[in-house]
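Visitor: Right, I'll just put the structure down here and ask away after.
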Amino acid sequence: MAIPHLRVRKALAQRALTVVKRLGLLSVEHRVLRNSEHLFIPLTRGLSEREMHLVGGEVGEFGIDFREGVLRRKRPRDLVEALEDKLPPYLLSMLPKSYDLIGDIAIVEVPSELEPYKRDIGEALLRIHPHIRLVLRKASAVSGVYRTRDYEVLVGSGSTETLHKEYGISLLLDTSRVYFSPRLAYERQRVASLVKEGEVVVDMFAGVGPFAIHIAKRVPRVLVYAIDINPDAYHYLLRNIELNRVQAKVKPMLGDCREMIDRALVGRADRVVMNLPEKAEEYLPWACRALKAEGGVIHFYCFSEEPEAVEKAVERALAGVERGGRSVMEVLAKRRVKAVAPYQWQIGLDLMVA
Ligand SMILES: C[S@@+](CC[C@H](N)C(=O)[O-])C[C@H]1O[C@@H](n2cnc3c(N)ncnc32)[C@H](O)[C@@H]1O
């Protein structure tokens with residue numbers, strides 16, 4: 001149905017929205033429309049002469065167009081759609097394009113320019129994802145041996161513990177006490193799909209157990225040693241082994257993987273997973289030590305910068321394996337796993353090591 005829209009130049013959008021709202025004329029069930037130059041604000045009715053005068057006083061030049069009203073979806077599709085009548089256009093373009101959903105918690109990065117709107121962003125995420133109960137803002141970088149970060153609660157309630165599901169496995173975890181990234185779900189599934197029956201796997205930096213549990217769930221006969229140094233991650237690792245009923249296949253170990261390998265796992269593994277990208281190189285000699293005498297596969301992750309991010313990662317991995325007294329027979333796969341900053345990647349390499 002055609003309804004009146006107030007047409008204003010984009011630069012005047014915020015003022016126009018404010019005056020239209022103040023006069024009670026904004027049609028909240030319709031979407032604000034736009035083209036390259038103008039915004040079209042949906043109105044509940046045409047303006048009286050007095051209202052024309054008031055709007056003109058605020059925004060100067062404007063027009064009234066009768067055009068097809070576009071009904072708002074009950075649930076907005078993304079942050080721009082959810083906040084288009086709250087934020088001025090230049091701030092809409094700064095809204096985060098992505099965020100993490102871990103169980104019933106959303107984690108979002110809010111740039112300082114959007115500080116005054118951080119709670120609106122939180123509320124918007126609750127509207128977009130009705131199953132979310134808590135929205136956290138990243139308040140620091142990932143840091144320390146345990147690879148955790150600080151968060152600020154934006155909206156919602158309850159604790160930072162949640163139950164996350166991916167590819168049919170359940171992972172209980174506390175987002176503020178352990179490392180976990182839902183963006184690695186495909187990578188974990190990919191690695192699990194490569195494991196063959198009968199293999200022994202060492203997961204050197206297991207966290208709450210996602211790689212180990214994916215492997216155990218997928219492969220009928222397999223043994224995974226899952227090591228982590230963070231007692232909280234270990235606590236959830238134990239819970240997740242139970243939750244997914246893989247007690248017979250995943251052996252949890254609490255401590256420094258270098259000590260654990262030297263103490264109990266030298267020459268035991270067909271495959272080693274090394275998901276500690278900021279330090280993996282340093283630990284390559286221990287991954288080599290864990291492999292069987294005849295060799296095996298190392299899933300190596302590191303951060304690397306363009307240009308030639310992948311090539312640089314391969315060079316570093318080859319040198320690290322040499323330091324471990326072994327050699328890389330073949331690089332079976334190389335991938336940019338995820339972007340971590342402009343021109344910076346987490347790279348994943350599958351190394352066949354002899
Ligand atoms: C980037 S997280 C990866 C966790 C998990 N693989 C995942 O995908 O969610 C790295 C993990 O390594 C653990 N870690 C760091 N240094 C370690 C060490 N020397 N020995 C064992 N675990 C370590 C941290 O506590 C953290 O849980």
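The values are calculated or read from the model by the stated rules, or taken from the named source; none is laboratory data. These numbers come from a predicted model, not from an experiment. Note that each Cβ is placed from the backbone with ideal geometry, even for glycine, and that neighbours are counted across all protein chains shown. Ligands, DNA and RNA are stripped out before the accessible areas are found, and what is left, the full protein with its side chains, is counted by its heavy atoms. Shrake-Rupley method; radii C 1.70, N 1.55, O 1.52, S 1.80 Å.
Visitor: For a bin width of 10 Å, list the pair-distance distribution of the range 2-68 built from all Cα-Cα distances, rounded to whole %.
Guide: 23, 62, 14
Visitor: Taking only protein heavy atoms into account and a 1.4 Å probe, give the accessible area per residue of the range 2-68 in Å². Write down the numbers at each step before the final one.
Guide: Values: 3640 Å² over 67 residues.
Each residue of the range 2-68 exposes 54 Å² on average to a 1.4 Å probe.
Visitor: Can you compute the modelled spin-label distance between Asp150 and Val28, with each label point 7 Å from Cα toward Cβ, in nm?
Guide: Going from the Asp150 label point to the Val28 one covers 3.7 nm.
Visitor: Separate question: Please list, ordered by chain and number, the residues whose modelled amide H lies under 5 Å from the amide H of Leu276; skip anything fewer than 5 residues away on the same chain.
Guide: Placed amide hydrogens put Tyr301 under 5 Å from Leu276.
Visitor: Using 0.36 nm per residue, how much length does the chain from Ser159 to Arg9 gain when fully extended, once their Cα-Cα distance is taken away? Let's see the in-between values first.
Guide: Values: separation 150, 0.36 × 150 = 54.00 nm, distance 4.49 nm.
Gain on stretching Ser159 to Arg9: 49.5 nm.
Visitor: Follow-up. Determine ³J(HN,Hα), in whole Hz, for all residues of the range 189-202 in sequence, where each value follows from phi through the Karplus function 6.51 cos²θ - 1.76 cosθ + 1.60 and θ = phi - 60°; x replaces Gly and Pro.
Guide: Along the range 189-202, the couplings run 5, 4, 4, 4, 5, 8, 6, 9, 4, x, 6, 10, 10, 10 Hz.
Visitor: At a 10 angstrom cut-off on C-beta neighbours, averaged per residue, how do the peptides 19-32, 327-340, 219-232 rank from highest to lowest?
Guide: Numbers: 19-32: 16.6, 327-340: 15.1, 219-232: 20.6.
Highest mean packing first, the order is 219-232, 19-32, 327-340.
Visitor: Past 29 Å, Cα to Cα, is the threshold; run Lys118/Lys338; Lys165/Lys292; Lys217/Lys334; Lys165/Lys334 against it and keep the listed order.
Guide: Values: Lys118/Lys338 26 Å; Lys165/Lys292 33 Å; Lys217/Lys334 25 Å; Lys165/Lys334 27 Å.
Lys165/Lys292, as the Cα separations exceed 29 Å there.
Visitor: Could you check what % of the DSSP bridge pairs in the chain are antiparallel, to the nearest 5?
Guide: Values: 50 of 71 bridges.
The antiparallel fraction comes to roughly 70 percent.
Visitor: Between Asp104 and Lys74, what is the label-point separation in nm under the 7 Å Cα-to-beta-carbon projection?
Guide: Reported label-point gap for Lys74 and Asp104 is 2.0 nm.
Visitor: Sticking with this structure for a sec: Only loop residues by DSSP count here, and only those with at most 11 other Cβ atoms within 10 Å; note down the trypsin sites (Lys or Arg not before Pro) in the range 44-143 that meet that.
Guide: Numbers: sites: Arg45, Arg50, Arg67, Arg72, Arg73, Lys74, Arg77, Lys86, Lys97, Lys118, Arg119, Arg127, Arg133, Arg137, Lys138; in loops: Arg45, Arg72, Arg73, Lys74, Arg77, Lys86, Lys97, Arg133.
When the trypsin sites (Lys or Arg not before Pro) of the range 44-143 are filtered for loop state and at most 11 Cβ neighbours within 10 Å, Arg45, Arg73, Lys74, Arg77, Lys97 remain.
Visitor: Continuing with the same structure: Can you tell me which of Ala269, Ala248, Ala192 moves the most in a GNM of the chain? Springs connect C-alpha atoms under 10 Å apart.
Guide: Its mean-square fluctuation being the largest, the pick is Ala248.
Visitor: Regarding the range 79-158, what are the three Cα extents along the principal axes, ordered largest first, in Å?
Guide: 42, 26, 18
Visitor: Oh, and also: Kindly provide the GluC sites (Glu not before Pro) of the range 82-175 that DSSP labels as loop, not H, G, I, E or B, and whose Cβ sees at most 13 other Cβ atoms within 10 Å. All intermediate terms of the calculation are to be shown ahead of the outcome.
Guide: Numbers: sites: Glu84, Glu109, Glu113, Glu123, Glu152, Glu161, Glu166; in loops: Glu84, Glu109.
Answer in residue order: Glu109.
Visitor: Now a separate question. Hull surface divided by four, with the convex hull built on the Cα atoms of the chain: how many nm²?
Guide: Numbers: hull surface 83.2 nm².
Projected area, direction-averaged: 20.8 nm².
Visitor: Write down Rg/Rh for the range 129-208, rounded to two decimals, with Rg from the C-alpha atoms and Rh from the Kirkwood relation over Cα pairs. Spell out each step's value before the answer.
Guide: Values: Rg = 15.1 Å, Rh = 14.8 Å.
Rounded to two decimals, Rg over Rh is 1.02.
Visitor: Also, I was wondering about something else. Over the heavy atoms of Ser93, what accessible area does a 1.4 Å probe trace out, to the nearest 10 Å²?
Guide: Ignoring ligands and nucleic acids, Ser93 comes out at about 80 Å².
Visitor: Dimensions of the range 180-353 along principal axes (Cα, Å, largest first)?
Guide: Computed over the range 180-353, the largest-to-smallest principal extents equal 44, 36, 28 Å.
Visitor: If you roll a 1.4 Å probe over the range 79-158 with all protein chains in place, what percent of the accessible area is carbon or sulfur? All intermediate terms of the calculation are to be shown ahead of the outcome.
Guide: Working: 1910 of 3620 Å².
So the carbon and sulfur contribution to the accessible surface is 53 percent.
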